[in-house]
Amino acid sequence: MHTNVNALFEALWQDYIEMTPSAAKVHQLLSKNGAIINDHIALRTFNIAKVNLEVLAAHFESIGYVASGDYKFEAKKLNAKHFEHPDSTQPKVFISELLVDEFSEELQATVNGLIEQIDHAATTADNFLYSGRHWQLDTKTYEALLAESEYAAWVAAFGYRANHFTVSINHLPDYETIFEVNDALKAAGFVLNAAGGEVKGSADVLLEQSSTMADRIPVSFSDAVVNIPSCFYEFALRYPQADGKLYTGFVATSADKIFESTNVNA
Ligand code: OOG
Ligand code: NI
């Protein structure tokens, strides 16, 4: 496991921009007058003991991150937690896991078959969180997963890596509102996730979020190379709580729609 927070995020970022060609362009567009501060990153996994949420979380807990919120997504059959670092300038981390046992016998058998192919030692290696796929996958299996769960298909195709980075709008000198950010993105030709409206949340819930639709990149399956949605970029504006500090949690009804930024049939 990494011992240095910055080294871990730098490695996650390098992998993420390889998966997400638009991210470097968005980063450039928004960072004209200064560095970008990341609000959070997100990772996805299956709730199988070898690779569950806790296994991913251990990589962050070992460098000081603390579990700070629990979320449930009943329709998508997902659980999630978010983690915070004592140094509040470090990105928050949102980790979700698919409740595999709530799906068909076929999906369970497929996912167990993928996870069995991972070398156990790989899950605690320095690079696990940006190590990608550890298994063979053919297009038929990908399509079968997709029919039951967009999320399952995404993890099967991409494995372990940041699903998105999130720009903190609070720290962008040139933008006051999320609408200004969205307008700049659309004017530059980026496509936003409109599920539930382009802006998820509101000042009332202390968090507004928007995201691009995931890029499509060529992915190698065992039988073909196919363009499928990879990763996306998110934008978050946080509001102060009664105590004056910015809200640091997530909003499940908004997150539910952010997940759809990697949908294939969007
Ligand atoms: C996570 C979706 C939720 C947020 O900021 O609410 C999320 C995912 O797509 O893996 O990131
Ligand atoms: Ni997010």
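Read-outs throughout are calculated quantities, based only on the coordinates presented, and are distinct from any laboratory measurement. Remember, it's a predicted structure, so these values are computed and weren't measured experimentally. Glycine gets a Cβ as well: all are built from the backbone with ideal geometry, and neighbour counts include every protein chain shown.
Let a ≥ b ≥ c be the square roots of the eigenvalues of the Cα gyration tensor of region 1-144; is it rounded (a/c under 1.5), or, if not, prolate (a/b larger than b/c) or oblate?
Verdict is prolate for region 1-144.
Expressed as a fraction of 2.2 N^0.38 Å, the rule-of-thumb size for a compact globular protein of N residues, what is the C-alpha radius of gyration of region 181-221?
Normalised Cα radius of gyration, region 181-221: 1.47.
Can you give me the Cα centroid spacing of region 183-241 and region 251-266 in angstrom?
When both Cα centres are located, 8 Å separates them.
With a bin width of 5 angstrom, please list the P(r) values of the chain as percents of all Cα-Cα pairs, from the 0 bin to the one holding the largest distance.
1, 6, 13, 18, 20, 18, 13, 7, 3, 1, 0, 0
When the helices in the chain are scored as -39500 (n - 2.57) per DSSP H run of 4 or longer and the sum is shared across all residues, what 222 nm value do you end up with, to the nearest 500 deg cm²/dmol? Please report the intermediate quantities before stating the final value.
On the way: 8 runs with 82 residues, N = 266.
Theoretical 222 nm ellipticity from helices: -9000 deg cm²/dmol.
Determine the percent antiparallel among the DSSP beta bridges restricted to region 119-266, to the nearest 5.
Of all bridge pairs located within region 119-266, approximately 75 percent are antiparallel.
Give me Lys76, Lys32 sorted ascending by neighbouring Cβ count inside 10 Å, so fewest comes first.
With the fewest neighbours first, Lys76, Lys32 line up as Lys32, Lys76.
Who wins for biggest fluctuation among Gly159, Gly196, Gly34 in a Gaussian network model of the chain, springs between alpha carbons below 10 Å?
For the chain, modelled as a Gaussian network with Cα springs under 10 Å, the answer is Gly34.
Write down the percent of antiparallel bridges among all DSSP beta bridges whose residues are both part of region 5-262, to the nearest 5.
Numbers: 33 of 45 bridges.
Looking only at bridges with both residues in region 5-262, the antiparallel portion is about 75 percent.
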